[in-house]
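Participant: For reference, the structure I am asking about is given below.
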Amino acid sequence: MTQGMGYVDPAYLDAAARLAAGGKRLSYERMRISPGATVLDVGCGPGTDTRALAEIVGAGGFVHGIDHDREMVEEAERRAAAEGLAGRVEHRQGDAYALPFADATFDAVRSERLFLHLDRPDRATAEMVRVTKPGGRVVVADTDWGTRSVDTPEVEAERKIARVLAEHCLANGYSGRRLYGLMRGAGVRDLAVDLIPLHVDGYELWRLLSRMEMAFEEAVRTGAMTEDEVRRLDDSFRDRDAAGTFFASTTVVMVSGTKP
């Protein structure tokens with residue numbers, strides 16, 4: 001599995017979770033879980049979703065979380081314990097390409113904003129389907145970084161930086177648009193697609209969430225943009241922000257379905 005340049009820390013994930021709260025709730029609905037269910041969150045990060053899922057499955061259910069990053073797993077365990085959920089939630093370090101569970105273990109499996117870090121998302125999809133019970137639900141959500149856009153007079157430069165973000169800063173920056181094909185290819189049935197629009201009206205938050213510092217550096221390093229283009233684009237974003245008119249948007253794609 002490729003961690004890649006798009007690796008983020010818990011603070012980043014907490015900010016993203018607040019922005020995507022509505023989409024998270026929708027993903028839980030698409031899992032169609034009830035009290036007593038056993039579920040898995042692949043790429044659980046600091047446990048934002050595992051703790052929420054534990055409230056849904058109740059004392060009779062159980063939630064497992066898997067993440068490639070040991071520090072994320074430790075933070076997830078700490079947060080679960082602090083909320084008194086240690087008996088209903090377990091987080092462990094693991095590989096999305098080789099999930100440490102037997103076939104047909106879970107009533108529902110989900111993943112959110114993980115596939116953009118994966119160079120073999122097909123393998124991860126197959127693993128998620130493998131560990132889901134027949135008739136169980138599989139839900140995958142990811143941002144299509146190609147849909148990211150910012151209002152600016154520097155339109156050409158803005159389009160360039162969008163491609164740098166998608167193609168040079170992540171292992172799988174166009175992951176959102178590829179989820180439908182991946183799920184169909186893995187044999188998931190009765191597919192449903194939800195498009196979740198997100199918008200930001202402040203440059204500092206957008207700068208954090210879009211990893212703009214890294215993108216600007218990578219744009220110059222690869223020759224995709226000149227230093228002058230980067231400077232003008234950054235200045236235009238700051239001008240919009242100072243005027244109170246900064247606006248940026250992107251789209252999260254969610255695909256859900258049933259294992260035959």
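Only the coordinates and a few stated rules stand behind these numbers; no lab work does. Since this is a predicted model, take the numbers as computed values, not measurements. With ideal geometry, Cβ positions are generated from the backbone for all residues, glycine too; neighbour counts draw on all protein chains shown.
Participant: Put +1 on the Cβ of every Lys and Arg and -1 on every Asp and Glu Cβ in the chain; which of Leu209, Val139, Thr245 then has its Cα farthest towards the positive end of the dipole?
Facilitator: So the residue we want is Val139.
Participant: Calculate one ³J(HN,Hα) per residue across the range 143-160 by plugging θ = phi - 60° into the Karplus curve 6.51 cos²θ - 1.76 cosθ + 1.60, and present them in order as whole Hz with x for glycine and proline.
Facilitator: 6, 8, 5, x, 8, 5, 8, 9, 5, 7, x, 8, 5, 4, 5, 5, 5, 5
Participant: Right, here's the next one. Go ahead and set up a Gaussian network model of the chain, Cα springs under 10 Å, then flag whichever of Lys133, Lys160, Lys24 fluctuates most.
Facilitator: In this elastic network of the chain, the residue with the biggest mean-square fluctuation among Lys133, Lys160, Lys24 is Lys160.
Participant: Okay, next question. Could you tell me how many degrees, from 0 to 90 and to the nearest 10, lie between the Cα long axis of helix 175-185 and the main elongation axis, the longest principal axis, of the Cα atoms of the chain?
Facilitator: Orientation of helix 175-185: about 30 degrees from the principal axis.
Participant: Using a simple charge model, +1 on the beta-carbon of Lys and Arg, -1 on the beta-carbon of Asp and Glu, nothing else, what dipole does the chain show about its Cα centre, in debye to the nearest 20?
Facilitator: Around 1100 debye, computed over the chain.
Participant: Looking at the chain as a GNM with Cα springs under 10 Å, which of Ala108, Ala157, Ala171 has the largest mean-square fluctuation?
Facilitator: Among Ala108, Ala157, Ala171, the largest GNM mean-square fluctuation belongs to Ala157.
Participant: Kindly provide the helix-only [θ] at 222 nm of the chain, computed as the sum of -39,500 (n - 2.57) over DSSP H runs of four or more divided by all residues, to the nearest 500 deg cm²/dmol?
Facilitator: So the calculated ellipticity at 222 nm is -13500 deg cm²/dmol.
Participant: Could I ask something else about it? Given 0.36 nm per residue, what is the gain on full extension from Ala86 to Asp194 after removing their alpha carbon distance, in nm? All intermediate terms of the calculation are to be shown ahead of the outcome.
Facilitator: On the way: separation 108, 0.36 × 108 = 38.88 nm, distance 3.20 nm.
Full extension of this stretch gives 35.7 nm more.
Participant: With an 8 Å cut-off on Cα pairs and a minimum separation of 6 or more residues, tell me the relative contact order of the range 83-172 in percent.
Facilitator: 31 percent
Participant: Applying the Karplus parametrisation 6.51 cos²θ - 1.76 cosθ + 1.60 with θ = phi - 60° to the phi angles of the range 23-28, what ³J(HN,Hα) value in whole Hz is obtained for each residue in order, glycine and proline being reported as x?
Facilitator: With coefficients 6.51, -1.76 and 1.60, one gets x, 4, 4, 5, 5, 5 Hz.
Participant: Taking only Cα atoms and a 10 Å spring cutoff, compute GNM fluctuations for the chain and point out the largest among Thr250, Thr222, Thr132.
Facilitator: It is Thr222.
Participant: Choose one of Gly45, Val193, Leu118: the residue whose Cα lies farthest towards the positive end of the charge dipole of the chain (beta-carbon charges +1 Lys, Arg; -1 Asp, Glu; about the Cα centre).
Facilitator: About the Cα centre, the residue reaching furthest to the positive side is Val193.
Participant: Near Ser236, within a Cβ-to-Cβ distance under 10 Å, what is the net charge of the other residues, with Lys and Arg +1 and Asp and Glu -1?
Facilitator: Charge balance in the 10 Å sphere: -3.
Participant: Please report the relative contact order for the chain, taking Cα pairs under 8 Å with a sequence separation of at least 6, and give it as a percent rounded to a whole number.
Facilitator: About 21 percent, as a whole number.
Participant: Separate question: Tell me, Ile56, Ile66 in order of fewest to most beta-carbon neighbours within 10 Å? Don't skip to the end; give the middle numbers.
Facilitator: Values: Ile56 16, Ile66 26.
Ranking Ile56, Ile66 by Cβ neighbours within 10 Å, fewest first, gives Ile56, Ile66.
Participant: Of His64, Gly94, Ser236, which is farthest on the positive side of the dipole of the chain, counting Cα position, with +1 on Lys and Arg Cβ, -1 on Asp and Glu Cβ, and the Cα centre as origin?
Facilitator: Positive-end residue among those listed: His64.
Participant: While we're here: Per 10 Å bin, what percent of the C-alpha pairs of the range 10-258 does each bin hold, from zero upward?
Facilitator: Per 10 Å bin, starting at zero, the Cα-Cα P(r) for the range 10-258 comes out as 7, 30, 33, 19, 9, 1 percent.
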